[in-house]
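Chemist: I'd like to ask some things about the structure below.
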Amino acid sequence: MRKVLSFSAFLMVGLIVSQYLPVWVGGNYGTVKTVSNVFLYVCLGFIMINVGREFEVDKSRWRTYAEDYFIAMATAAMPWFLIAAYYIFVLLPPDYWNSWEAWKENLLLSRFAAPTSAGILFTMLAAIGLKSSWMYKKIQVLAIFDDLDTILLMIPLQIMMIGLRWQLLVIIFIVFLLLSFGWRQLGKYNWRQDWKAILVYSAVVFISTQSLYLISKYLYGESGSIHVEVLLPAFVLGMVMKHKEHDTPMEQKVSTGISFFFMFLVGMSMPRFLGIDFTEAASAGYSVTGSQEMMSWGMILFHVVIVSLLSNIGKLFPVFFYRDRRLSERLALSIGMFTRGEVGAGVIFIALGYNLGGPALIISVLTIVLNLILTGIFVLWVKKLALMSYKE
């Protein structure tokens, strides 16, 4: 319980820092942000490599994983569709209901609700002792798959916004190459797996993905850059390792410390929304969302609550599957998918790049913030339901 509350506390501190950091550091904000992002992705790589190390599957049951991918895809799609429809039919005037520009902008912006925060979720579930449960093993598969589905679907969404570019096809190729390599070489390599080695591996993964981005940016500009997040490469790297157990007190302390630091950095990575005029920020280029009049804070908070409810109702999709398990276990699985974080925030950063703004953007940012704040409650709810299932 204390560890879960500590995770939430670090998230909250990070969120507070994210809102005031530009004022505190002034002209050094860009440098501080760059350094914090480096640490964030290295920590995320560390967590995802460890998740991949524990990802043990029976290749003869590939049909089961195909079913899991369908469930994960639907679990990501439901909140996305619900929120996109809400943004169109509730936030926009009727004149825009049949507008393709409005639909494509809101389909992109609302995608923030699709991905589960795998790093946060796995860290907190392991901390409360659910590592050996069916629910943890199944949520490993679903959370990775719905993050993967989000990464893949962002490609056609970006094509809708800017047209087909060869860089997007390269990203698709890299993703499928990584997945193919991970599947074929699963558990094959007998590499060092203590915390020092894992930290080095995570730094190498970050340097590799960042180098690809910087080189492509140098050659083709920001709009033509190739950006592969560390999430999938780190997970695949962990998959191909032959799992070794390292459960010493030092390993536990370092792993917990990195997880706490990661939670703080996730909170700190949130876009600033206090004192920001998003309408003005989007004025550099026209967009339907950015042209909408700003609402009162009371109305915005009302929409944040509704969008959060729709987002999490959509994540309950797995309840209707895995009928051989108890309802409380399936419910715990679904509630575990409520957590949001780095991938969803990444979608919002992409939306900002297309000049999307207005009330919908603020509501999206604050919905992620609210879900981050509630993460500890979600995980404790999962623990209660899981323990209820295993005691029966």
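Chemist: Rank by packing, highest mean first: peptides 135-142, 63-70, with packing defined as the count of other Cβ atoms within 10 Å averaged across residues.
Modeler: 135-142, 63-70
Chemist: What are the ³J(HN,Hα) couplings of the stretch 201-208, residue after residue, when phi is run through the Karplus curve with 6.51, -1.76, 1.60 and θ = phi - 60°? Round to Hz, x for glycine and proline.
Modeler: Taking θ as phi minus 60°, the curve returns 4, 5, 5, 5, 4, 4, 4, 5 Hz for the stretch 201-208.
Chemist: On to the next question. Name the residues whose placed amide hydrogens come within less than 5 Å of the amide hydrogen of Thr289, ignoring near sequence neighbours (fewer than 5 apart) on the same chain.
Modeler: The answer is Gly357.
Chemist: Could you go through the stretch 164-171 in sequence order and give the Karplus-derived ³J(HN,Hα) for each residue, using 6.51 cos²θ - 1.76 cosθ + 1.60 with θ = phi - 60°, rounded to whole Hz, and x for Gly and Pro?
Modeler: Residue by residue, the stretch 164-171 yields 6, 10, 5, 4, 5, 5, 5, 4 Hz.
Chemist: Place the peptides 42-52, 172-182 in order of packing, highest mean first, counting for every residue the other Cβ atoms within 10 Å and averaging per peptide.
Modeler: Ranking the peptides 42-52, 172-182 by packing returns 42-52, 172-182.
Chemist: Cβ neighbours within 10 Å, averaged per peptide: list 211-217, 82-88 in order, most packed at the top.
Modeler: 82-88, 211-217
Values in this text are rule-based calculations from the coordinates and carry no lab data. Here the structure is a predicted model, which means the values were calculated and not measured. Don't worry about glycine lacking a Cβ; one is built from the backbone with ideal geometry, like all the others, and counts go over all protein chains shown.
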